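What follows is a short report on a single structure.
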Amino acid sequence: MRYGYFDDPAREYVIERPDTPLPWFNYLGSEGYFGLISNTAGGYSFYKDARLRRITRYRYNNVPFDFGGRYIYVRDNDSQEFWSPSWQPVRTPVDDYTCRHGMGYTIIGSSRAGLRTETRYFVPPGETMEIWDVTVTNQRDTAADVSLFGSVEFALWDAQDDMTNFQRNFNTGEVEVEGSTIYHKTEYRERRDHFAYFACSADTAGFDTQREAFLGAYRGWDSPRAVAEGRATNSVAHGWSPVGVHQVDAVLAAGETRRIVFLLGYAENPRDAKFDPPGSTTINKRRVRPVIDRYLNGGAVDEAFAETGRRWDELLGLFHVDTPDHDTNRMVNIWNAYQNMVTFNLSRSASFFESGVGRGLGFRDSTQDLLGFVHMAPERARERVLDLAATQLSDGGAYHQYQPLTKRGNDAVGSNFNDDPLWLVLAVVAYVRETGDFGILDEMVVYENTPGTERPLLDHLERSLNFTLDRLGPHQLPLIGRADWNDCLNLNCFSEESGESFQTTTSQDGKVAESVMIAGLFCAAAAEMVDLAAQLDRTDLTEKYGGERAAMLARIESPAGWDGEWFIRAYDHFGNKIGSADCEEGKIFIESQGWSIIGGAGLDNGKAERALASVAEHLATDHGIVVNQPAYTSYHLELGEISTYPPGYKENASIFCHSNPWIMVAETLVGNGDRAFDYYKRICPAAREDIGEVHRAEPYIYAQTIAGKDAPTHGEAKNSWLTGTAAWNYVAITQAILGIRPAFNGLDIRPVLPKAWDGYTASRKLRGVTFDITVKRAGTGNSVALVVDGTPVDGSVAPMPEDGRDQVTIVATVS
Ligand code: GLC
Ligand code: GLC
């Protein structure tokens, strides 16, 4: 069942009914001001940090769900009936409801009683505010007497405190009202230099800033008393819960459309110019007034919206494919690329499932997210890489998370997730291949944010690899530490305390438990280092890491890593196998199959194919590939959090979508384009649109998990939007299956396509040069013959033009 449709030319997903199985979200803003917005206008906004600078309130896990938002009420003053054009929060039925989620904007519209209301929400480029651009059209043939209310509920900045510290919060709330602008200034009188504002373009008939005055005691946002009565109370908040409400009254002639613009913004003042007059506690509005004025009266709204569109044209224009598969085209050209930018901006901080008060940016998360957006924002990728590297420990280890506001490692979460540093190598090499910026390797970067410890970035990469080599266990395989990519495989934890964090508690010295997945990841990272070092003529490094990689591969392929039909997953604290036919549960895992093969194991002796056949047999389902089988059915002290989840959920045998593309990539390495693409389609959100009642999450973006076959809700997606799934699926489809990958000296074209495809075309911009690519199938194999600008070339790389041309034509024949 579908709840909407893709409008590809407009790059929108159009939702046709408000009561989707879960709220279907979009994001606003991509610089400093961000907002989440659902298809019923739920969500919230924040400046840079979803915890510390929360602008509006959202009630997580509320009933009904998705509550708190950018709510507009329309009141028909003749019938005295009122409703929400976005359906929530009033939830009276509306006609012709549509929600168009687009690139950085959302438009929600509906009609009732002959009044059509439509609101376009977006963040103007370069500003720290959002615009609600509302139009109301009277579709009756008589005049309509209408009141329109725009409303927000302010958060008192620190979202964690806002939900808990009521003995203080109920006393601190303060606002100022000036004309049609409401200023929220809680704590501005003391140490905060920032405030929020909610402004309206129309002359208002009234306002409210005290929540209970607007709603009425014991009433909710679904039936505010002021709306029911058609009269705001002009309340001024002192303590309790400040809100911003503007009432606009209008008599619309038959057919008339009225446009009303609301601005919700965030502003800062220099500390020595906070107050006007100085010495008072009144906000100095000299800087913010002209900004508000420009958008409310200066006609800047349409231009700002057009500019948002131009920016996305530019970003999405960098890479465009035209394949025989619609879902692939819309994901690669629009939604997957878009999700990559959102995950880069927000990491795992704020979504319907991530409350925004938890973690900073994950080291492994951000380095993997980079793989999906580096071609769209290379400068920001560079900055991110250097920031992350500066938190690296001098032994090569990594803080598991870093705080974007302070750019320092997070002490509370600490380090010793032994896979973390290896992802830095993959990220940096991907960055250099994309940009050709070898200079980044010479950038002097500190360790652990400590001045005086500066070393070139290349040294950080060596230490990342050495970190693994310095920590080998009884089988000469990498020690796992707190966990590897699978955060819930906590083999040294041995937690018996309920509520204790599996990620930060360790009770064993960690000298035995090993990870075959890290071994594979090490081989992949070492291969990248070897390639990079060859470009730098550093034979010392090529030899060292080439040799270490060969030795590690041999161990993975030996009985220490190979179980007979697949790769073993790990060894526990007692040296027992995890992910082996000998185990009762958890006999086979996805991660070590993917990473051993990507690292190069089993490619010339049939083990890779054998392992992938086992994946197909034991782990693949119609809804994607599960993490492990059989699922753990009870808690195992020696396994940790993985065994806390009921079978089929999260790390315990769900389809953890992030790990599926590793198998797709591995399938292309053994030349099986059919199976790689089949797996791609199983979790591809667009391809799951028709089973919306099963999938339930948004069909335009990836979710972290889809419930596995052991779960009663098999096929149901959860934790959508902020997941490494976005970057990795993008890598799998564009680089492994379509086979277009940046190389140090040009663009490498090595497709491994489904047999039924006769080819595809694409255009890819690399370092300012546009490569127009035509791939044609002439046989059923995967060998490639390249013709570049009419001339056959050896190998699979179309070189960067040396004569300054910015256009290259590639014809690749696959046979
Ligand atoms: C979450 C974490 C990520 C981890 C994954 C698997 O997505 O953000 O770091 O690798 O779960 O446990
Ligand atoms: C939980 C989640 C896992 C996540 C971890 C760290 O264990 O299951 O996916 O990576 O928390 O926050």
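The values are calculated or read from the model by the stated rules, or taken from the named source; none is laboratory data. Here the structure is a predicted model, which is why all the values come from computation and not from measurement. Don't worry about glycine lacking a Cβ; one is built from the backbone with ideal geometry, like all the others, and counts go over all protein chains shown. Note: accessible area is taken over every heavy atom of the protein model, side chains too, but ligands, DNA and RNA are not part of it. Shrake-Rupley method; radii C 1.70, N 1.55, O 1.52, S 1.80 Å.
Before moving on, here are some points about what is shown:
- Apportionment of accessible area to carbon and sulfur, the range 5-69, percent (1.4 Å): 48 percent
- For the range 603-735, the square roots of the Cα gyration tensor eigenvalues, ordered a ≥ b ≥ c, give a/c of at least 1.5 with a/b no greater than b/c, which places it in the oblate category.
- Cross-link partners of residue 511 among aspartates and glutamates (Cα-Cα below 19 Å; sequence separation of 8 or more within a chain): 395, 419, 420, 470, 484, 487, 572, 638
- Computed extension length for residue 65-residue 311: 85.2 nm, one decimal, from 0.36 nm per residue of separation with the Cα-Cα distance subtracted.
- Put a dot 7 Å past the Cα of residue 178, heading toward its Cβ, do the same for residue 538, and the two dots end up 5.6 nm apart.
- Projected label distance in nm at residue 454 and residue 95, using a 7 Å step from Cα toward the beta-carbon: 6.9 nm
- FRET efficiency for the residue 767 to residue 504 pair, using the beta carbon distance and R₀ = 30 Å, is estimated at 0.10.
- Difference of contour (0.36 nm per residue) and Cα-Cα distance, residue 141 to residue 268: 41.0 nm
- FRET efficiency for residue 48 and residue 634, using Cβ-Cβ distance with R0 set to 60 Å, rounded to 0.05: 0.90
- Distance from the range 309-332 to the range 367-442 (C-alpha centre basis), Å: 27 Å
- Inter-label distance for residue 496 and residue 815, nm, one decimal - labels placed 7 Å from Cα along Cα-to-Cβ: 6.9 nm
- Cross-link pairs exceeding 21 Å in C-alpha to C-alpha distance, out of 587/709; 681/718; 587/607; 607/776; 607/681, comprise 607/776; 607/681.
- For residue 558 and residue 780, the FRET efficiency from 1/(1 + (r/R0)^6), where r spans their Cβ atoms and R0 equals 41 Å, is about 0.75.
- Among the listed pairs 185/285; 185/274; 185/407, those beyond 21 Å (Cα-Cα): 185/407
- Taking a point 7 Å out from the Cα of residue 280 in the direction of its Cβ, the residues of the range 203-243 whose backbone N falls within less than 19 Å of it are 236-238.
- Per residue, in Å², the accessible surface of the chain once ligands and nucleic acids are set aside, probe 1.4 Å: 35 Å²
- Residue by residue, the range 245-262 carries 3J(HN,Hα) couplings of 9, 10, 10, 10, 9, 8, 9, 9, 5, 3, x, 6, 10, 10, 10, 10, 10, 10 Hz when phi is fed to the Karplus relation 6.51 cos²θ - 1.76 cosθ + 1.60 (θ = phi - 60°); x denotes Gly or Pro.
- Segment residue 10-residue 218, extension gain: residue separation times 0.36 nm, minus the distance between their alpha carbons: 70.6 nm
- Of interest is the spacing of the C-alpha centroids, which for the range 607-639 and the range 142-166 amounts to 47 Å.
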